[in-house]
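Asks: Please find one structure pasted underneath; my questions will follow.
The values are calculated or read from the model by the stated rules, or taken from the named source; none is laboratory data. The structure presented is a predicted model; accordingly, all values stated were derived computationally and were not measured. Every residue, glycine as well, gets a Cβ built from its backbone with ideal geometry; the counts of neighbours run over all protein chains shown. The accessibility values were calculated without ligands, DNA or RNA, using every heavy atom of the protein model including side chains. Shrake-Rupley method; radii C 1.70, N 1.55, O 1.52, S 1.80 Å.
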Amino acid sequence: MPALLASTSIGDSLTTFLDAAGQFFSDLAAIHWGALVLGLVFFGLNLTLRSRAFFNSLRAAYPAVSFQWRRIWGAYWAAVGFNNVVPARGGDIIKLFLARSSIPGSSYPTVAAAFFVESIFDICVGVLVLVFAFTQGVFPKPPDFSKLSSFDISYLAEHFRFTLFLITALAVIALFAFALLSVRVRAFWARVRQGVTILSDRPRYLREVVAWQAVAWMCRFAAFWFLLDAFRVGGSVQNVLLVFAINQVAGAVPFTPGGAGVQQALLVKVFAVSAPTAVVAAYSVGQQIAIAAFTAIVGLGAVVFIFRFRSFGEVLHAGRASREAERAGMVPAEDYPYEDDPPPPAASRPRGLGARY
């Protein structure tokens with residue numbers, strides 16, 4: 001019976017999504033294309049500025065190593081583009097591999113720790129956005145998520161015991177992974193601390209990370225304002241902040257590309273009073289398709305023209321091969337990606353924080 005109910009819920013969600021997609025394609029002539037283009041331009045600026053903040057964190061972690069911002073930019077775009085078309089956030093693995101392979105002598109723990117630096121500001125802004133949304137009277141409270149027409153979030157909200165079990169299982173897996181690393185935990189944490197080096201210099205962190213992220217959030221604000229105008233929902237401060245809150249919730253349930261199902265269900269619920277349901281449904285699908293297509297095209301272009309891979313799948317395959325080589329105690333060729341900087345002999349490779357052994 002639970003399996004039958006789950007299948008029915010998924011079918012209903014798919015039907016709703018297809019209906020909204022049909023509404024979007026039937027109303028293409030009503031879209032304000034100028035506003036749509038501006039929205040995508042500002043969304044691109046948002047990602048570019050965020051990639052610079054990520055680059056600055058990595059530069060602080062590896063001050064003696066020369067590497068290019070365009071490669072970090074490409075890794076960032078490739079990750080976002082992949083996440084917007086494939087579920088389960090596999091793009092984060094792509095970003096980790098491409099960024100690490102762009103920095104000679106770098107390590108996975110250090111590059112992964114640099115992700116955390118960027119998340120501090122995002123979490124603070126995200127909490128404020130959610131607080132604002134829950135005080136507006138139109139955003140559903142967490143207990144009401146079970147009533148939404150999206151299987152993934154409604155199922156988790158309705159089956160609290162399963163959700164609690166899932167969270168516990170993930171925590172146990174994390175502890176088990178930590179136990180596996182316990183043999184080399186001192187070296188591991190040394191590399192993690194290296195990745196968050198910029199946090200120890202507060203003025204530099206504010207100047208080179210927070211400032212870039214703040215401007216990026218402003219560009220993101222402008223992007224969704226224009227996207228709301230493009231699909232005739234209407235751009236306003238309240239509407240943009242509500243969209244931000246919806247994205248925060250959707251990002252926590254990565255079972256669909258870009259949290260598409262959750263976004264659609266919440267958008268229709270939140271904007272039910274301010275705009276016709278058909279218009280909101282068309283916007284929910286239209287902005288998702290536009291952003292996914294835009295980021296996927298640019299991200300794939302970065303993979304092909306910057307990193308010389310032929311597809312996202314080839315990047316994932318190379319990433320897995322790199323991890324296997326690292327576990328075997330080898331330093332793969334990707335660690336030294338520049339033709340004019342070949343890998344040194346094994347005996348002369350550095351054994352410090354940035355080395356892998």
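Asks: Would you mind stating whether Tyr108 is modelled with pLDDT under 90 and open to solvent by less than 40 Å² (accessible area, probe 1.4 Å)?
Replies: Taking the combined requirement at face value, the residue satisfies it.
Asks: Please work out which one of (1) farther than 26 Å from Trp69 by Cα; (2) over 20 Å from the mean Cα position of the chain (by Cα) is the condition Gly105 fails and give its number.
Replies: Of (1) farther than 26 Å from Trp69 by Cα; (2) over 20 Å from the mean Cα position of the chain (by Cα), only one is false for Gly105: (1).
Asks: Shifting gears a bit: Can you tell me which condition Arg308 does not meet? The list is (1) open to solvent by 10 Å² or more (accessible area, probe 1.4 Å); (2) part of a helix (DSSP H, G or I); (3) at pLDDT below 95, and all the others hold.
Replies: Here Arg308 clears every test but (2).
Asks: With respect to Leu38, is the statement that it is of a type in the set (A, V, I, L, M, F, W, C), open to solvent by less than 50 Å² (accessible area, probe 1.4 Å) and at pLDDT 95 or above true?
Replies: Answer is no for this residue.
Asks: Can you tell me which of Arg70, Arg89 is touching a residue at least 40 places away in the same chain (Cβ under 8 Å), open to solvent by 40 Å² or more (accessible area, probe 1.4 Å) and either among the β-branched types (Val, Ile, Thr) or not in a helix (DSSP H, G or I) (or both)?
Replies: After ruling out the rest, the residue left standing is Arg89.
Asks: Among the listed residues Ala302, Ala278, Ala293, which satisfies the condition of being under 23 Å from Ser51 (Cβ atoms), modelled with pLDDT of 80 or more and surrounded by fewer than 21 Cβ atoms within 10 Å (Cβ to Cβ)?
Replies: After applying the criteria, what remains is Ala293.
Asks: Ala190 fails exactly one of the following numbered conditions: (1) at pLDDT below 90; (2) under 24 Å from the mean Cα position of the chain (by Cα); (3) not hydroxyl-bearing (Ser, Thr, Tyr). What is the number of that condition?
Replies: (2)
Residue-wise test of (1) closer than 22 Å to Val243 by Cα; (2) not aromatic (Phe, Trp, Tyr).
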position	(1), (2)
Phe82	yes, no
Leu98	no, yes
Ser102	no, yes
Ala113	no, yes
Val127	yes, yes
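Asks: Moving on to the next point. Take segment 227-243 and flag every residue that is in a helix (DSSP H, G or I) and crowded, with 21+ Cβ neighbours inside 10 Å.
Replies: The answer is Leu227, Leu228, Ala230, Leu242, Val243.
Asks: Which one of the conditions (1) at pLDDT 95 or above; (2) under 22 Å from Ala61 (Cα atoms); (3) under 21 Å from the mean Cα position of the chain (by Cα) does Trp217 fail to meet, given that it meets all the rest?
Replies: So Trp217 meets the others, but not (2).
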